[in-house]
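The values are calculated or read from the model by the stated rules, or taken from the named source; none is laboratory data. All figures in this text were calculated on a predicted structure; none of them were measured in a lab. Surface accessibility is based on the protein's heavy atoms, side chains included, excluding ligands, DNA and RNA. Shrake-Rupley method; radii C 1.70, N 1.55, O 1.52, S 1.80 Å.
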Amino acid sequence: MKRHPKRFPNPRHCDRKGAAVVEFAIVLPLIALILLGSIDVGQSIYVAQVVNEASREAARQAARFDTTSEDVVRTTVRSFIRNNFAGMSDAAVDVSFTNSAGDPIASGDLSAISSGSALSVQVALQYDSVRWMPGIPFFGGRTIATTTIMRRE
């Protein structure tokens, strides 16, 4: 009958069992930080895409000849962003309009802009209002903003 050697023939090898636990305890926070940081970066990219799309939608609507008020466009942007981020307050979203000279539009009347003139719409969102993990400091307090320019019909 063949005898199998012991798993730890040398008693010093038994001490190595605890080393793996210590190494894991040292590496685990680093791995968790990398994982959570990756999730936060991915979410910030997603939020930037949503803000970009909201800005495009706002510019499309503002460029139409039948849109006469900035308030209509602001309502559209806020509902678009609210559809993507449930429970977000309207105070976290800022929508601003400028004409081709870069000046704010007087009294919010989009019909004052002549046909063919450039219209700029900027949508800005406070990232902390939609953030999943507020504890990671890298993106804290950041505003994600996008500007879209279209010609008025």
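Suppose the chain between residue 41 and residue 143 were pulled fully straight at 0.36 nm per residue; how much longer would it get relative to their current alpha carbon spacing?
Result for the pair: 35.3 nm of gain on full extension.
Mind checking the full-extension length gain between residue 91 and residue 26? Use 0.36 nm per residue of separation minus the Cα-Cα distance, one decimal, nm.
19.2 nm
Could you tell me what percent of the accessible area of the stretch 21-74 is made up of carbon and sulfur, with a 1.4 Å probe and every protein chain present?
Heavy-atom surface of the stretch 21-74 belonging to carbon and sulfur, 1.4 Å probe: 71 percent.
Collect residues whose amide H, placed 1.01 Å from N in the peptide plane, falls under 5 Å from the amide H of residue 151; neighbours closer than 5 in sequence don't count.
119
Starting from 0.36 nm per residue, how many nanometres of slack lie between residue 153 and residue 109 once their C-alpha separation is accounted for?
The residue 153-residue 109 span can extend by a further 14.4 nm.
By the gyration tensor of its Cα atoms, with a ≥ b ≥ c the square roots of the eigenvalues, what is the shape of the stretch 42-153: rounded for a/c under 1.5, prolate for a/b over b/c, or oblate?
prolate
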